[in-house]
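Shown next, in structure tokens, is the structure this report addresses.
Each reported figure results from applying straightforward, stated rules to the coordinates on display, with no laboratory input. This one's a predicted model, so the numbers in the text were calculated from it and none came from an experiment. Cβ coordinates were reconstructed from backbone atoms using ideal geometry, including for glycine residues, and neighbour counts include every protein chain displayed.
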Amino acid sequence: MKLLQPDLTVDCLSDLDLADWYGRGIRAIFIDLDNTISPWRQNSVTGEARQLIDKARQAGITVVLFTNAGEIRAREVAWSLGISYYAAAKKPFAAMYRKAMGELALAGSEVLAIGDQVFTDVLGGNRAGCITVLTSPLSEEEYAGTKFLRFLERLAGRKAVFHRRD
Ligand SMILES: [Mg+2]
């Protein structure tokens, strides 16, 4: 299914060439929290994520924390990074993406939506018309619900390479 397919898959955030993305019209990044910039349920942020934010600033791209996590955690992390945030974003629903794009006066084609999960980050970003980037999760630990979604992701992935034996 097309909505479950990221436009780009990267192993790590440093693989993204932000100057190049700026050249292609990207003006904002909506970035996921858990397992994308921070190991699961921690408020520590990876050095790589900090570098991404610095590089984005230099390139003229606004980075926004875009997470299903609650207000208090999102605020703490976002403030420590000096970026704005949308908490309880209800990914994969597109409403909060649209709200954020409206507030930034940007179209989906000007936004990179980055995250580690197909069924929230990729699906939500694709529904909102953003350019979606799937990252490798930072840690194996995650919610039981997420583990189930990973199982479905694997099934979805497997389906694509299934060869019928008649
Ligand atoms: Mg995540």
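The label-point distance for R50 and Y143, in a model that sets each label 7 Å from Cα toward Cβ, rounds to 2.8 nm.
Look at T135, T120, T67 and count the other Cβ atoms within 10 Å of each Cβ; fewest to most, that gives T120, T135, T67. Each Lys and Arg contributes +1 and each Asp and Glu -1, all at the Cβ; summed about the Cα centre of the stretch 2-161, the dipole is approximately 540 debye. Taking amide H as placed 1.01 Å from N in the peptide plane, T62 has its amide H under 5 Å from the amide H of A28, I29, each at least 5 places away in sequence or on another chain. Across the stretch 2-161 the C-alpha pair distances fall into 5 Å bins from zero in the proportions 2, 10, 20, 24, 23, 14, 6, 2, 0 percent. The lysines within cross-link reach of K99, meaning a Cα-to-Cα straight distance under 16 Å and a gap of 8 or more places when in the same chain, are K90, K91. Calculated mean residue ellipticity at 222 nm for the chain: -11500 deg cm²/dmol, from DSSP H runs with n ≥ 4 weighted as -39500 (n - 2.57), summed, divided by the residue count and rounded to 500. Here each label is just a point 7 Å from Cα along the line to Cβ, and for T9 and R57 those points are 3.3 nm apart. The H on the amide N of A113, modeled in the peptide plane, is under 5 Å from the matching H of F30, I131, T132, V133, each at least 5 residues off or on a different chain. By other beta-carbon atoms within 10 Å, ranking V111, V118 with the fewest at the front produces V118, V111.
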